[in-house]
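In what follows, a single structure is set out as structure tokens and then discussed.
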Amino acid sequence: MPRTCWPFPASLGGKVILTGGLFTGNLHVPGPGGRYTRMTQDVPVLPAPRSFLIMNFLLKKNLGSAWLIPLLGAILAVLASWQYRSTEQVSEATARDMEDSLRSALFDFRHALERDLSHLCLALQSKGGDSEVERPRDVSHRLNQWRQTTQHSALVSDVFLWDSFSQGEPILITPAGTHKSSAWPPSLAGLTAELRNSSLDSDDAVPAGSPMAGAPNKPLFFGEGSRLWMLDQKRLALLHPTFVGGERETAHIIWLVVPLEREYFTRNLLPELAKRQLGGHSANYKVAVVLDGMAPAVLYASEVGFGSSPNSVFDARLNLFGPPSLVRGKSLPHAGGVVIPASAESADVAPLFINPLVQSPGAPALAVIAQHRQGSLEVAVARLHERNLAVSFGVFGVLAITLTLIVITSQHARNLARMQMDFVAGVSHELRTPLTAILLAAKNLEDGVVGTNGLARYGAAIKNQAAQLSGLVEEILLFSETHSGYHVYKIEPVDVTLGIQNTLESLAPLIDSTGVMIEEDAPPDLPLALGDTAAFSQCLQNLITNSLKYGGDNKWIGVRAFVSENGGKKEICTSVEDRGLGIGNGELKQIFEPFYRSPEVVAAQIHGNGLGLPLTKTMVEAMRGRITVSSQPGKGSTFTIHLRPANGAA
């Protein structure tokens, strides 16, 4: 059966042997005349709890900690890769959605303008056939009716009738019913020559979407017969031909010319349509309606200056009249775009199509352009992609940090639990030894083994063991009190020299029993330090007691008090030096952790509970001081308490 030897108090002499679950006490008590009486007593001892043994086994195995962090890192890397690919796909889909949304908004703007102008055209044109001669009175009546029913009555004030075969002036028609011959206004100068040169023969008509669309002197046809309307985009005039005098090939043409009030068109109609059709995009896009040519003219712009430069960059451009031609990512002047069939652009189309009056491919054309406020759609999508990546990887970063902290915390908790288990084992041993000695002494007294002469020795032994128990309990309670923040310190001037002398005097019996030589160097004129007298004595006592335990065979301890400087500030220092076991560099940061005990110390069966140094550090820092240590394995250690001077300077 395994046998474990425990040290026994020197005052009783002997040793204690635990065999299995029984305590066998070999107690040697000096008897009368210097003879010794030996007594063997079997006392039951409680075994360690099974749960404690299992927990201690698991903690020592350190299961899972070696591969947990790499595994979590690999999982996060895979998730990050998937997230990156998903973000790329989302960005591509977002780019398509933004392009489609912008295209739809531009077409809505075009359709809304076509509808407003189509209602005007249908209201003004004759209800008869092509051969019916337009009468000024009928035109005036239709104009007046339109002005009374529309909300854009200021868009048109007067209209003109002009015979293309006539050399005379056009007929000016007002909404009031008056009509007279009048010269062309300056805004329509040069229109007569262009109308004479225009050919409306069916053989010369250019189908929509044809490669010849926009050839010189060839207007584009969308309507047929009386439904044919054109717009002079440069002069902002609606044109409607009526064929009179026979077949189309031989007939002459009466032109109904409807000038649009430019100021109302640019300041009222276009802003209203832009707000209604593009208002949802105004926060992200700049929009402008331009007369696109070699020198673009801005009719409307949501932002001053946009579209006025010949090199103005846009994300999308859509012509407002003629075959829909959508251009993406170009700059003014307009380039060839993708011609979209009228039937494919939208189900919500205007009642009729208005053809542009085209003389050449470079002729000015009304178009709506849009540009993202961040510079372009590509830039906006790229920034959105970067932001999404930043958010995603930020979340992954926080997750990685959190998992790392959890692993580190669990590792720390596991180490703390291991130290607590060791503390429980150490404290149990520290409690068991004096309790066993007291129990044996009491048993011997009860059985009458001890004579009258031995009563005093047994009483002293019981007193010493009880004092040891009390000291251990007080140390544990003090540690708990200081770490919970309930301990109150009385900070006042402390005489360090006197504190050293009092501490050494209180430890004199323990020092004498170990045979250690104390070398004291504390000058009497040492300045006072700020601290708590009782706490300082407790700290010094802990350090000297540790030196007695770990001082080795050299049997020497040096206690010094001196003044030093740290960062230009004076400090009152107290050092405790020994020439014993020393501390390795890897353990210098751990010795102040609660319950920590060096493996070498445990292997050497030097008893302790791992609370002395943590308690000392806590109390020193509570006095706004600090504790330092220097050590070399096998050569000894020096612990130094640094306190502030009482008068602020030494």
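The values are calculated or read from the model by the stated rules, or taken from the named source; none is laboratory data. As the structure is a prediction and not an experimental result, all values here were calculated from the model. Note: ideal-geometry Cβ built from the backbone for every residue, glycine included; neighbour counts use all protein chains shown. Heavy atoms of the whole protein, side chains included, go into the accessibility calculation; ligands, DNA and RNA do not. Shrake-Rupley method; radii C 1.70, N 1.55, O 1.52, S 1.80 Å.
If you average the sequence gap of Cα pairs under 8 Å that are 6 or more apart and divide by the length of the range 490-559, what percent do you get for the contact order? Relative CO of the range 490-559 lands at 49 percent.
Pairs from the table (Lys490/Lys617; Lys443/Lys549; Lys443/Lys463; Lys180/Lys234) lying more than 21 angstrom apart at Cα are Lys443/Lys549; Lys180/Lys234. Legend: residues Tyr285, Tyr264, sorted from most to least accessible area (1.4 Å probe; ligands, DNA and RNA excluded), read Tyr264, Tyr285.
Sorting 519-530, 102-113, 154-165 by their mean Cβ neighbour count within 10 Å, with the most densely packed peptide first, gives 102-113, 154-165, 519-530. Label separation (Trp82 vs Ile408): 2.8 nm, computed from points 7 Å beyond Cα along the C-beta direction.
Per-residue Karplus couplings for the range 402-411, computed as 6.51 cos²θ - 1.76 cosθ + 1.60 with θ equal to phi - 60°, are listed in order as 4, 5, 4, 5, 5, 5, 4, 5, 5, 5 Hz, Gly and Pro entered as x. Across the range 299-311, rounded Karplus estimates of 3J(HN,Hα) from the backbone phi angles (6.51 cos²θ - 1.76 cosθ + 1.60, θ = phi - 60°) give 8, 7, 8, 6, 9, 4, x, 6, x, 7, 8, x, 9 Hz, Gly and Pro being marked x.
Around the Cα centre of the range 493-556, unit charges on the Cβ atoms of Lys, Arg, Asp and Glu (plus for the first two, minus for the last two) sum to a dipole of about 260 debye. FRET efficiency for the pair Lys490 and Asp447, taken as 1/(1 + (r/R0)^6) with r the Cβ-Cβ distance and R0 = 51 Å, rounds to 0.55. Charge dipole (Cα centre; +1 on Lys/Arg Cβ, -1 on Asp/Glu Cβ; no other charges) of the range 506-647 amounts to roughly 340 debye. Taking all Cα pairs closer than 8 Å and separated by 6 or more residues, the relative contact order of the range 252-301 comes to 30 percent. Under a 5 Å amide H cut-off, with hydrogens placed 1.01 Å from N, His252 pairs with Val244 among residues at least 5 apart or on other chains. Across the range 452-466, computed HN-Hα scalar couplings (Karplus, 6.51 cos²θ - 1.76 cosθ + 1.60, θ = phi - 60°) run 5, 5, x, 4, 5, 5, 5, x, 5, 5, 4, 4, 5, 5, 5 Hz from first to last residue, x flagging Gly and Pro.
A P(r) calculated from all alpha carbon pairs of the range 503-591, with 10 Å bins opening at zero, reads 14, 43, 34, 9, 0 percent.
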